[in-house]
Ligand SMILES: [Zn+2]
């Protein structure tokens with residue numbers, strides 16, 4: 001990619017970013033990354049638009065892909081970090097997650113793979129148009145092993161998914177989200193509400209979250225005395241009996257299977273993130289009275 005300032009995408013010019021997705025009002029440079037990206041997957045366009053339309057992040061997505069051609073693989077930690085920051089921000093914008101949500105979790109919720117992997121994958125595919133072999137991650141990819149560009153693309157996409165899955169399993173971040181999504185998604189999720197994303201990340205109205213951000217001294221549920229996170233509310237807290245019943249009816253199960261929750265209507269998911277300050281279940285009231293009696297003695 002070159003010096004074509006006139007058509008350069010930027011957050012300050014979202015019109016360009018949009019027209020780019022049709023490929024009509026923008027000069028397409030031969031076999032460039034824009035072309036590759038649109039044909040690679042829709043989800044990258046979503047990320048690209050989210051990034052390019054966000055005034056907070058003045059980053060040109062195409063330039064990143066071009067850069068990855070020069071530093072392919074997982075060699076440059078700083079580049080990798082920067083790219084994944086972009087992916088995290090795009091995923092949070094798409095998923096309406098709180099800013100405190102980890103990039104890893106937001107990416108999995110939005111179905112948006114780590115950009116360092118995705119851009120390296122695209123760079124490898126482009127390189128193999130001109131060369132016989134090119135590295136992708138730890139693999140040496142040989143053009144002759146594939147009978148068509150489509151076959152090559154499918155293979156590289158599978159490798160990307162594999163790596164993403166491996167990272168997700170070994171990440172220390174977003175472990176609440178991991179309970180809901182143990183397997184990374186092959187397709188993007190497109191519809192979100194803030195409420196449902198807060199439940200799926202545990203970043204919201206939960207003691208575990210308030211404790212994490214320093215707004216509470218404890219992460220425990222005031223009724224049950226165990227960690228208050230979305231899983232606790234879905235499976236155990238009596239205060240959420242009605243919501244739980246509705247959810248189980250919908251799932252056709254007697255107990256809540258956490259990995260099935262993301263498939264439920266978003267408003268049903270969101271109901272588990274409701275404010276609990278004024279509601280205490282009957283069991284909780286008794287428990288609280290007992291505690292008060294004990295305390296007053
Ligand atoms: Zn509880």
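Kindly indicate which of 161, 112, 156 is surrounded by 15 or more Cβ atoms within 10 Å (Cβ to Cβ), at pLDDT below 95, assigned to a loop (DSSP other than H, G, I, E, B) and not assigned by TED's automatic domain parsing to the domain that holds residue 272. Before you say what the answer is, go through the steps one by one.
On the way: 161 fails: assigned to a loop (DSSP other than H, G, I, E, B); 156 fails: assigned to a loop (DSSP other than H, G, I, E, B).
On inspection, the qualifying residue turns out to be 112.
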So, in segment 217-230, of the ones that are within 16 Å of the ligand (Cβ to nearest atom) and surrounded by fewer than 14 Cβ atoms within 10 Å (Cβ to Cβ), which residue ends up farthest from residue 265 (Cα to Cα)? 218
Among 125, 150, 167, which is part of a helix (DSSP H, G or I) and without any contact (Cβ under 8 Å) to a residue 12 or more places away in the chain? 150
So which of 180, 192 ends up being under 21 Å from residue 100 (Cα atoms), modelled with pLDDT of 95 or more and away from the ligand (no atom under 16 Å from the Cβ)? 180
Condition check for residue 161: in contact (Cβ under 8 Å) with a residue 40 or more places away in the chain and more than 26 Å from residue 101 (Cα to Cα): no
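Hey, among 249, 233, which residue is assigned to a helix (DSSP H, G or I), within 12 Å of the ligand (Cβ to nearest atom) and under 21 Å from residue 270 (Cβ atoms)? Quick ask: steps written out before the conclusion?
On the way: 249 fails: within 12 Å of the ligand (Cβ to nearest atom).
After applying the criteria, what remains is 233.
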Looking at residue 214, is it outside the structural domain of residue 157 (by TED's automatic domain parsing), on the phi > 0 side of the Ramachandran plot and within 16 Å of the ligand (Cβ to nearest atom)? no
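The values are calculated or read from the model by the stated rules, or taken from the named source; none is laboratory data. Small disclaimer: the values here were computed from a predicted structure and weren't measured. Cβ sites come from the backbone with ideal geometry, for glycine too, and all protein chains shown count toward neighbours.
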